[in-house]
Amino acid sequence: MLSSMLKEHRVKQRHLKEAQEKRRQEAVSSLYKFNEGIMASINSRVSAAYVNQCQLDNEMKQLEVQTSRFNKLTTQWGSELNSFHNALKEIGDVENWALSIENDLRLVTESLEYINNKNKSNTSTNG
């Protein structure tokens, strides 16, 4: 009787160990599947973040190129505006010079007319 009880106990123990091992394998398998799902989710998010980062880097490089072009264009415009401003100043200087010459010539003309009128009046009183 004791030996049969021992056999039954050992059989129960073996069945419990087998059941426990089966549950352990199921738990490990479930954890593995869970881990794969979590990692896939994380990897997809990381992958999306990496793609976004690459796009941002490319856009930033394009923006740097465009900014550089804009700076060069702005410098050129500034130079052209400065040249135009200097040309306008020169035109103003030429205009002032022309007015000064015109005034000098008017003064000379008036002086000559005065002298001419004076000579006419002197010759008419003498003659």
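The values are calculated or read from the model by the stated rules, or taken from the named source; none is laboratory data. Since the structure is predicted, the reported quantities are computational estimates derived from the model, not experimental observations. Every residue, glycine as well, gets a Cβ built from its backbone with ideal geometry; the counts of neighbours run over all protein chains shown. Accessible surface areas use protein heavy atoms only, side chains included; no ligands, DNA or RNA. Shrake-Rupley method; radii C 1.70, N 1.55, O 1.52, S 1.80 Å.
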- Query: Label R10 and F84 with points 7 Å out from Cα along Cα→Cβ: what is the distance between them in nm?
  - Reply: 10.8
- In degrees rounded to 10, the 0-90 angle between helix 2-126 Cα long axis and the longest Cα principal axis of the chain is 0
- Query: Share of region 1-110's accessible area from carbon and sulfur, percent, 1.4 Å?
  - Reply: 60
- Task: Calculate, for region 21-76, the solvent-accessible area per residue in square angstrom, rolling a 1.4 angstrom probe over the heavy atoms of the protein chains.
- Result: 92
- Between (1) 88; (2) 121; (3) 107, which matches volume of the Cα convex hull per residue in Å³ calculated for the structure shown? (1)
- Only helical DSSP H runs with n ≥ 4 go in: add -39500 (n - 2.57) per run for the chain, normalise by residue count and round the 222 nm mean residue ellipticity to 500 deg cm²/dmol. -38000 deg cm²/dmol
- Go through L88, N122, V11 and say which Cα lies farthest out towards the positive end of the charge dipole of the chain; charges sit on Cβ, +1 for Lys and Arg, -1 for Asp and Glu. V11
